[in-house]
Amino acid sequence: MKFRTAAGSEIALEKKQLDDFKAQLRGGVLSPGEPEYDEARSVWNAAIDRRPAMIVRCLGTQDVIATVKFAREHRVSLSIKGGGHNIAGLAVRDGAIMLDMSLARGVWVDPSAHVARAQAGCLLGDVDRETQLHGLAAPLGFVSNTGIAGLTLGGGFGYLTRRFGWTCDSVRSMDVVTADARIVRASEAENSDLYWALRGGGGNFGVVTSFEYELHAVGPEILGGAIAWAAEHTPRVLEQFRKLMSSAPPELTCVAVLRKAPPAPWLAPAIHGKDMVAVFVCYSGPIEEGQRLIAPLKALGATAGDVVQRRTYVSQQSLLDATQPKGRRYYWKSEYLPGHSPELLAAAAEHAARSVSPHSAIIVFPMDGPLNRLPPDHSAVGNRDARSLVNITASWDRLADDAANVEWARAAWRDLRRFSTGGTYVNMLTDEEGDERIRAAYGTNYERLAKVKASWDPDNVFHVNKNVRPS
Ligand SMILES: Cc1cc2nc3c(=O)[nH]c(=O)nc-3n(C[C@H](O)[C@H](O)[C@H](O)COP(=O)(O)OP(=O)(O)OC[C@H]3O[C@@H](n4cnc5c(N)ncnc54)[C@H](O)[C@@H]3O)c2cc1C
């Protein structure tokens, strides 16, 4: 059977070698042509269509150890799949072994200690559902079927970031299988250099088998939902959004979305397919206080839809899911922002109106607060000067429309880049964004990350990621 090495050359392994490997696994193995192979190799972004030589359906740590040993011994390229949501398709590589963690989705909550341990195949919704049973939450992202592994290892932000910082700021420890196939714990007390690097450094240092999150009291009910307006109201809506977020308490996060209105039941039919602005709202303090805070938004009137109401935090966490389905083609460009100037918001609205697909959007996510108060080298994620993020999200259906959609996103980015902090989010880098952008994502933490890489993975076993290399 043929595999690819990290360098891309071809290598053939014998049946006996493969049989010996398979005999060590609890989970199964999928090869091209087998019934579940295509589903297991597929990722969220349909523009990524890659064929691993073999998929290991990992059921536990022993499967991870056996796979890392095997890949290393035979110099076969190894990729790791968590939720498969990475825009660059970093879970999958042609000719590689894919270590598919997506079957390992256990979550154990200790409500008295305010911690949860979650296996690395969990989706965000798995953790939210279990922790919310106790009115607790880890600060995770905006779309419930994203993987916790990729999100947490790259930083992670969502509706609770203004209260609690990056997702990785709430990680207490991780269990890791290293490049030499040992099991170690990474925490402040044990292997602190690895703990530092994993919180932001992506999948560069090992296979994380579980995450221990510190939990915070949130919900189970919050004030949340979204309000939308037709494009003619965009300037005054964005000005109100800017004012609100410049003085909002940490419990309030509003996200501005500029796009064409989808045919969603909560939006007036007259606006479907036309340009709109929407503000997604999440207030996780006392409901009445939230109502008072967002009254100026509501007072703008003339809405095309308003579903801001008392709701569960779990339902809030999946509000955006339907807008980002698996199986469309996607291309993103993102930048961290020092804040929201009127010029930035106006330019974002102009570019959104030029989009060539009804599914595309420009989204502005405020994230200021606790993450800004920690030193830049608190963990590898850095970007402690980011107060917001703009994501230009091109999303379309047909291969034939690739070029037009990618060019729309790039043109918007070339212009909006002038508002950037200079930093970018490693988890939103696309396939073609290489060394220069990876360095922009890590800034002054890059050299230290490279040293930790040299110490924990000198042979670059973990290379299917936004790869950090010793200089
Ligand atoms: C619809 C959508 C919404 C999003 N929203 C947010 C958001 O609100 N906030 C935010 O911060 N980000 C968001 N993201 C970005 C997201 O953080 C990244 O796409 C992230 O990579 C997804 O993690 P995953 O496990 O699904 O990725 P995968 O594609 O499975 O993996 C991505 C990378 O992580 C590595 N990896 C995966 N599992 C492990 C493991 N167990 N051990 C070591 N390395 C591993 C892989 O090697 C790979 O390099 C969103 C993405 C999408 C598609």
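Would you confirm whether or not segment 305-318 contains a residue that is surrounded by fewer than 22 Cβ atoms within 10 Å (Cβ to Cβ) and within 23 Å of Y425 (Cα to Cα)? Yes, because at least one residue in segment 305-318 is surrounded by fewer than 22 Cβ atoms within 10 Å (Cβ to Cβ) and within 23 Å of Y425 (Cα to Cα).
Do we find a residue being within 16 Å of the ligand (Cβ to nearest atom) and of a type in the set (F, W, Y) anywhere in segment 34-52? Checked segment 34-52: at least one residue is within 16 Å of the ligand (Cβ to nearest atom) and of a type in the set (F, W, Y). Selection of segment 90-99 for residues being surrounded by 24 or more Cβ atoms within 10 Å (Cβ to Cβ) and either more than 9 Å from the ligand (Cβ to nearest atom) or farther than 13 Å from F462 by Cβ (or both) yields V92, A96, I97, M98.
For segment 196-227, a residue qualifies if it is assigned to a helix (DSSP H, G or I), buried (at least 24 other Cβ atoms within 10 Å of the Cβ) and more than 10 Å from the ligand (Cβ to nearest atom), and exactly one does: A197. Going by the conditions given, is L320 touching a Phe, Trp or Tyr at 6+ places or on another chain (Cβ under 6 Å), of a type outside the set (V, I, T) and farther than 30 Å from A186 by Cβ? Considered against the rule, which asks whether it is touching a Phe, Trp or Tyr at 6+ places or on another chain (Cβ under 6 Å), of a type outside the set (V, I, T) and farther than 30 Å from A186 by Cβ, L320 comes out as yes. In the set S112, S144, S102, only one residue is open to solvent by 10 Å² or more (accessible area, probe 1.4 Å), in a loop (DSSP other than H, G, I, E, B), at pLDDT 95 or above and within 9 Å of the ligand (Cβ to nearest atom); that residue is S102. Here is the figure for segment 327-355: residues that are more than 23 Å from F419 (Cα to Cα) and surrounded by 15 or more Cβ atoms within 10 Å (Cβ to Cβ) total 3. Only one entry in Y336, Y331 is out of contact with any helix residue (DSSP H, G or I) (no Cβ under 8 Å at 6 or more places or on another chain), in a strand (DSSP E or B) and closer than 27 Å to L238 by Cα, namely Y336. Evaluation of E190 against the conditions (1) surrounded by fewer than 20 Cβ atoms within 10 Å (Cβ to Cβ); (2) in contact (Cβ under 8 Å) with a residue 24 or more places away in the chain; (3) not polar (S, T, N, Q); (4) not in a helix (DSSP H, G or I) shows that the sole unmet condition is (2). Comparison of G83, G150 shows that the only residue that is within 12 Å of the ligand (Cβ to nearest atom) and assigned to a loop (DSSP other than H, G, I, E, B) is G83. Inspection of segment 309-327 finds no residue satisfying the criterion of being assigned to a strand (DSSP E or B) and among the acidic types (D, E). Across segment 18-36, a minimum of one residue is classified as within 26 Å of I183 (Cα to Cα) and of a type in the set (D, E).
Where helices (runs of 4 or more DSSP H) fall entirely within segment 350-456, those with at least 1 residues that are at negative phi and among the hydroxyl-bearing types (S, T, Y) are at 435-442, 446-456.
Just to be sure I understand, how many residues within segment 128-141 are open to solvent by less than 10 Å² (accessible area, probe 1.4 Å), of a type in the set (A, V, I, L, M) and assigned to a loop (DSSP other than H, G, I, E, B)? Number satisfying all stated conditions: 2.
The values are calculated or read from the model by the stated rules, or taken from the named source; none is laboratory data. Here the structure is a predicted model, which is why all the values come from computation and not from measurement. Neighbour counts run over all protein chains shown; Cβ positions are idealised from the backbone, glycine included. Heavy atoms of the whole protein, side chains included, go into the accessibility calculation; ligands, DNA and RNA do not. Shrake-Rupley method; radii C 1.70, N 1.55, O 1.52, S 1.80 Å.
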